[in-house]
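Please treat every number below as a calculation from the coordinates, not as lab data. Fair warning: this is a prediction, and the values are worked out from it, not measured in the lab. So basically every Cβ, Gly included, is an ideal-geometry build from the backbone, and we count neighbours across all protein chains shown.
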Amino acid sequence: MDVLDVLNLGEIAQYFSKMAMFPVFDLAYYIVSILYLKYEPGAVEVSRRSPVASWLCAMLYCFGSYILADIILGVSPVDYFHNNSHILLASAVWYLIFFCPLNLFYKCVAFLPVKLVLVALKEVVRSRKIAAGVHHAHHAYHHGWLIMVITGYVKGSGVALMSNFEQLLRGVWKPETNEVLNMSFPTKASLYGAILFTLQEANLLPVSKSMLICLFTLFMATSKVFMTARHSHGSPFALIESWVCHLLFGSPLGIEDAHDHHHPAPAAAPLSPAKTKEELSEGTRKRKSKKAE
Amino acid sequence: MDVLDVLNLGEIAQYFSKMAMFPVFDLAYYIVSILYLKYEPGAVEVSRRSPVASWLCAMLYCFGSYILADIILGVSPVDYFHNNSHILLASAVWYLIFFCPLNLFYKCVAFLPVKLVLVALKEVVRSRKIAAGVHHAHHAYHHGWLIMVITGYVKGSGVALMSNFEQLLRGVWKPETNEVLNMSFPTKASLYGAILFTLQEANLLPVSKSMLICLFTLFMATSKVFMTARHSHGSPFALIESWVCHLLFGSPLGIEDAHDHHHPAPAAAPLSPAKTKEELSEGTRKRKSKKAE
Amino acid sequence: MDVLDVLNLGEIAQYFSKMAMFPVFDLAYYIVSILYLKYEPGAVEVSRRSPVASWLCAMLYCFGSYILADIILGVSPVDYFHNNSHILLASAVWYLIFFCPLNLFYKCVAFLPVKLVLVALKEVVRSRKIAAGVHHAHHAYHHGWLIMVITGYVKGSGVALMSNFEQLLRGVWKPETNEVLNMSFPTKASLYGAILFTLQEANLLPVSKSMLICLFTLFMATSKVFMTARHSHGSPFALIESWVCHLLFGSPLGIEDAHDHHHPAPAAAPLSPAKTKEELSEGTRKRKSKKAE
């Protein structure tokens with residue numbers, strides 16, 4: 001009976017990992033992504049002033065992962081745009097979210113129960129993208145483990161990693177922060193997922209790829225649905241991260257809070273403040289000579 | 001007689017569309033482009049402080065379209081720079097415009113009648129570039145209609161689409177605007193031209209490619225010569241655009257005026273201000289939860 | 001005896017130019033590069049707040065030349081990252097410099113005699129990179145002389161040419177300056193070296209490639225060691241450059257001093273102030289009409 005159960009689980013995982021993303025799951029991905037674009041300050045105004053810029057931003061939100069992964073692997077950045085049906089669907093979603101009469105479509109998809117379902121479906125796509133990214137990188141660089149991690153990472157994070165430049169397109173410039181310096185939960189999870197999938201590709205994990213896709217999807221969907229429903233700030237990784245960072249880097253990771261951008265918390269940084277002062281003054285002197293060199 | 005006329009017109013269009021751009025038309029393109037670079041605030045100073053930076057900016061102005069199109073299609077961005085004669089000619093124009101004794105060369109080419117001829121010749125090159133861009137993209141992606149439009153668009157717009165970064169090279173940074181957010185006439189015309197040439201490539205326009213090149217060139221050259229001669233602000237597209245935008249997006253397109261950067265004209269944006277306020281407050285609440293997610 | 005001497009010198013040059021850079025010379029390159037990263041204001045704090053961002057910056061410092069050259073030649077920008085051993089070594093250096101207990105490693109490598117040796121070894125790598133960059137570009141574009149110069153230039157300059165964006169990764173944004181506008185000594189020397197190696201590749205220099213590598217390395221190592229030891233500001237090129245710039249561009253090159261960013265030295269710029277005023281007013285008028293066009 002156990003063997004039968006395992007076979008069934010394996011088959012379910014296999015079926016799940018091969019399931020087509022288009023159109024249902026991809027549709028959910030586009031809706032949630034463009035919803036987040038609409039939340040951005042000034043995005044609605046941009047859609048009125050310059051529909052082309054707004055549409056371009058929406059395309060970056062929907063397909064940013066493919067663009068970044070293609071840049072990483074040296075392929076044409078707009079390669080994914082030959083999928084006309086995908087582009088049409090995303091454009092339709094953009095139009096409905098920004099310009100639907102009486103804002104009907106927005107109200108439907110922003111209704112919490114509907115939104116939770118869409119968020120869960122989006123995480124299915126994200127997990128699949130990370131796995132596909134690692135797989136493509138493995139195909140190009142058989143032993144380029146770091147390249148696989150990077151590719152999976154950008155496939156999972158998508159537009160978040162180019163947020164500075166996507167905002168620039170809308171006339172917004174916030175250089176003091178970026179998604180690598182202050183990682184949000186999805187970006188962190190994409191990084192960890194990329195590492196897991198790379199370990200699996202290197203046969204260092206005792207689990208099949210389809211099972212890993214299943215488990216990771218389950219984790220991501222559950223976390224995101226929970227966080228969306230509760231408007232929660234807490235990251236599931238916070239505890240493990242502070243333990244690892246304290247071990248490796250001698251200090252806890254900065255808290256994922258907007259306040260951190262303005263209060264870099266000097267208390268959190270140095271192990272030996274005296275040493276840092278010494279380094280700072282030495283650094284100033286060295287910088288002057290470095291400028292000379 | 002009509003058939004003979006048509007044959008002649010077709011032959012003229014054919015000959016015109018196959019005519020070599022180098023060196024006469026390309027020379028005009030370089031002169032007008034680098035003239036516009038010289039008009040930029042601080043450009044002359046940069047040429048004195050750092051001739052390398054100034055020369056690099058001039059190359060971006062002259063060959064930006066090729067660089068962008070190569071990036072789009074996944075080719076080496078400096079591929080065009082193997083045309084040594086083109087680079088030499090553009091460099092010579094840069095040197096003469098910025099460093100000619102008594103500024104003679106600049107005075108010659110800035111003399112209005114001469115400038116109008118050069119502007120017309122430049123538009124011949126622009127139209128040809130858009131057609132070539134769409135053609136190359138079609139060769140790479142037979143059904144990538146959006147890719148063809150994008151490639152034609154960047155070929156026509158050239159350095160304008162990377163103006164933020166070209167300015168950054170000169171130490172100038174203006175993130176509040178860019179050429180997609182506030183399209184100038186040449187950039188808009190390049191977009192429309194790219195769409196037309198893509199429709200023609202898809203055999204959806206009842207006109208041959210050479211005839212379309214001819215007609216589009218005629219339109220562009222006439223418009224630009226007229227606008228240059230009259231220092232006019234009006235765009236030929238303004239009427240149609242406001243009608244289409246009102247139909248599709250519920251509001252007229254923002255006026256192409258520098259003042260718009262500072263007065264985003266809230267009156268122009270919302271159809272229902274009450275709804276926007278509701279969305280705004282909802283958006284603020286959602287952004288906080290989005291940050292958590 | 002003379003022929004024997006020449007043969008020996010040629011053989012020495014040959015052996016020197018074929019010597020493996022990994023692991024000794026590359027290690028020195030990584031140490032010096034990441035040392036300079038540590039000197040940057042805020043870099044230590046970033047390493048505490050976001051080790052991933054700090055590590056990424058360190059990788060840009062160590063491998064920026066390969067990334068830029070790959071972008072130039074249309075190859076995957078992360079192609080070099082398949083060299084797992086190199087990445088591991090650079091990562092180990094980053095960890096030791098930023099997180100070694102009691103800061104021991106930093107104190108060792110920053111000790112001046114040790115640092116001078118490392119700086120000299122780094123210049124060996126730089127010279128080799130410039131030669132390799134020119135060679136690869138020659139392989140891709142047999143007569144693309146400018147492409148060869150550009151590729152050698154970016155291979156030699158490395159992260160300096162993308163300093164604005166590397167700083168952006170750390171949350172720092174300084175658009176008023178960049179490495180092309182205000183070239184530091186290594187960047188200038190890389191440009192001149194790239195030109196020399198390109199001339200040699202075009203058989204216009206009466207010297208073999210290995211001899212040129214030897215001589216250029218000797219020059220670079222000596223200059224950098226001297227400048228590091230004396231915390232000197234003077235560039236060896238200053239005299240020749242001011243002579244050439246006065247001849248070609250009518251004014252001396254701006255002094256390589258931080259003050260120049262704030263005092264653009266109007267006295268250094270125009271040959272005829274009256275003409276510049278005339279151009280400026282004409283430029284303002286033209287800019288308005290350009291905006292219209």
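Give the chain C residue with the shortest beta-carbon distance to the rotation axis relating chain C to chain A, plus that distance as a whole number of Å.
That would be C:G74, 4, residue then distance in Å.
Using a 10 Å cut-off around each Cβ of peptide C:138-148, what is the average number of partner chain Cβ atoms that fall inside?
Details: counts 0, 0, 3, 5, 1, 3, 9, 4, 9, 8, 2.
Across the residues of C:138-148, the mean count of other-chain Cβ atoms within 10 Å is 4.
To one decimal in nm, how far is C:I12 from the same spot in the other copies, if labels go 7 Å from Cα toward Cβ? Please give the shortest first.
Inter-copy label distances (nm, one decimal, shortest first): 7.5, 7.5.
What is the projected area of the convex hull of the Cα atoms of segment B:17-106, averaged over all directions, in nm²?
On the way: hull surface 26.8 nm².
Its average projected convex-hull area is 6.7 nm².
Two decimals is fine: what is log10 I(q)/I(0) at q = 0.29, 0.31, 0.33 Å⁻¹ for segment A:37-81, from a Debye sum with one equal scatterer on every Cα and no solvent?
The calculated log intensity ratios at q = 0.29, 0.31, 0.33 Å⁻¹ are -0.92, -0.99, -1.07.
Over segment B:71-206, consider all pairs of different Cα atoms and compute the Kirkwood hydrodynamic radius from their mean reciprocal separation; express it in Å, one decimal. Kindly include the intermediate steps, with their values, before the conclusion.
Numbers: mean 1/r = 0.0589 Å⁻¹.
Kirkwood radius, segment B:71-206: 17.0 Å.
Below 8 Å between Cα atoms, with a sequence gap of 6+, how large is the relative contact order for segment C:1-157 in percent? Show your work: numbers first, answer last.
Working: 137 pairs, mean separation 41.6, N = 157.
Relative contact order here is 26 percent.
Can you give the average number of partner chain beta-carbon atoms within 10 Å of each beta-carbon in peptide C:109-115, as a whole number? Present the calculation step by step, with values, prior to reporting the outcome.
Details: counts 0, 4, 0, 0, 0, 0, 1.
Across the residues of C:109-115, the mean count of other-chain Cβ atoms within 10 Å is 1.
List, shortest first and in nm to one decimal, how far the label point of A:S232 (7 Å from Cα along Cα→Cβ) is from its counterparts in the other copies.
Here A:S232 shows inter-copy label distances of 6.3, 6.3 nm.
Within 10 Å of each Cβ in A:176-185, how many Cβ atoms from other chains are there, averaged over the peptide? Working shown, then result.
Working: counts 4, 1, 6, 1, 10, 11, 4, 3, 4, 3.
Whole-number average of other-chain Cβ neighbours for A:176-185 is 5.
If we sort B:149-157, A:183-191 on the protection proxy, mean other Cβ atoms within 10 Å, highest first, what's the order? Don't skip to the end; give the middle numbers.
Numbers: B:149-157: 28.6, A:183-191: 22.4.
Taking the mean over residues of other Cβ atoms within 10 Å, the ranking is B:149-157, A:183-191.
Rg and Dmax of segment C:75-122, Cα atoms, in Å?
For segment C:75-122, the Cα radius of gyration and maximum Cα-Cα distance read 13.7, 42 Å.
Tell me the volume per residue, in Å³, of the convex hull enclosing the alpha carbons of segment C:157-202. Intermediate results must be reported in sequence, preceding the final value.
On the way: hull volume 3.2 nm³, N = 46.
Value for segment C:157-202: 69 Å³ per residue.
Give the value in nm², to one decimal: projected area of the alpha carbon convex hull of segment C:48-150, averaged over all directions.
On the way: hull surface 31.3 nm².
Average projection, Cα convex hull of segment C:48-150: 7.8 nm².
Put the label 7 Å from Cα along Cα→Cβ for A:V114; what are its distances to the other copies, in nanometres, shortest first?
Result, one decimal in nm: 6.4, 6.4.
Step through the table entries A:K38/B:K188; B:K18/B:K224; B:K18/B:K209; B:K115/B:K224, compare each Cα-Cα distance with 18 Å, and write down the pairs that go over it. Mind dumping the intermediate values first?
On the way: A:K38/B:K188 25 Å; B:K18/B:K224 23 Å; B:K18/B:K209 11 Å; B:K115/B:K224 11 Å.
Check vs 18 Å cut-off fails for A:K38/B:K188; B:K18/B:K224.
When the Cα atoms of segment B:192-245 are enclosed in a convex hull and the volume is divided per residue, what value in Å³ results? Before the final figure, lay out the partial values.
Values: hull volume 4.7 nm³, N = 54.
So the per-residue hull volume is 87 Å³.
Exposure proxy check: C:M148, B:M162 ranked by fewest other beta carbons within 10 Å?
Values: C:M148 29, B:M162 20.
So the residues, fewest neighbours to most, are B:M162, C:M148.
P(r) of segment C:135-253 in 10 Å steps, Cα pairs, percent per bin?
Histogram of Cα-Cα distances, whole percents per bin: 12, 33, 38, 16, 1.
Could you please state, rounded to a whole Å, how far the C-alpha centre of segment A:160-220 is from the C-alpha centre of segment C:162-182?
26
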